[in-house]
1. Which one of Thr55, Thr24, Thr32 has the biggest mean-square fluctuation once the chain is modelled by GNM with Cα springs under 10 Å?
2. Go through Arg11, Arg36, Arg54 and list them by solvent-accessible area, largest first, probe radius 1.4 Å.
3. For the chain, report the accessible area per residue in Å² (1.4 Å probe, heavy atoms, rounded to an integer).
4. Where in the range 25-69 are there GluC sites (Glu not before Pro) that are in a DSSP coil and have at most 11 other Cβ atoms within 10 angstrom of their Cβ?
5. What is the calculated FRET efficiency for Asp59 to Glu2, with r their C-beta to C-beta distance and R₀ = 30 Å, to the nearest 0.05?
6. Around Ser8, with a cut-off of 15 angstrom between Cβ atoms, what is the net charge of the other residues, counting Lys and Arg +1 and Asp and Glu -1?
7. Test of the criteria: in the range 1-50, which chymotrypsin sites (Phe, Trp or Tyr not before Pro) are in a DSSP loop and have at most 12 other Cβ atoms within 10 angstrom of their Cβ?
8. Given points 7 Å out from each Cα along the Cα-Cβ axis, report the Glu20 to His69 separation in nanometres with one decimal.
Amino acid sequence: METGKMYSGFRICKQEYIKEVNSTAYLMEHETSGARLLYLANDDDNKVFTIGFRTPPSDDTGVAHILEH
């Protein structure tokens with residue numbers, strides 16, 4: 001994959017090899033929604049994924065952090 005090119009609606013913004021995990025990291029952005037994707041390309045058979053959403057607390061009481069645990 002090449003920086004600046006589109007793949008399935010995602011533009012490659014940056015790519016970098018990460019020695020510690022023996023992977024090439026691709027930072028992508030979906031053109032329509034603005035969603036960001038980090039893809040780690042490697043030869044590992046164990047495949048995983050995660051989806052994260054920003055959920056900023058409405059105040060600074062710490063309730064969100066307590067519920068997290």
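The values are calculated or read from the model by the stated rules, or taken from the named source; none is laboratory data. Here the structure is a predicted model, which is why all the values come from computation and not from measurement. Please note: Cβ atoms are built from the backbone with ideal geometry, for glycine as well, and neighbour counts cover all protein chains shown. Only protein heavy atoms, including side chains, enter the accessible area calculation; ligands, DNA and RNA are left aside. Shrake-Rupley method; radii C 1.70, N 1.55, O 1.52, S 1.80 Å.
1. Looking only at Thr55, Thr24, Thr32, the largest GNM fluctuation is found for Thr55.
2. Accessible-area ranking of Arg11, Arg36, Arg54, largest first: Arg54, Arg36, Arg11.
3. 92 Å²
4. Taking the range 25-69 and a limit of 11 other Cβ atoms within 10 Å, the loop GluC sites (Glu not before Pro) found are Glu31.
5. It comes out at approximately 0.10.
6. Cβ neighbours under 15 Å give a net charge of 0.
7. Those that pass, being in a loop and sparsely packed, are Phe49.
8. Going from the Glu20 label point to the His69 one covers 2.5 nm.
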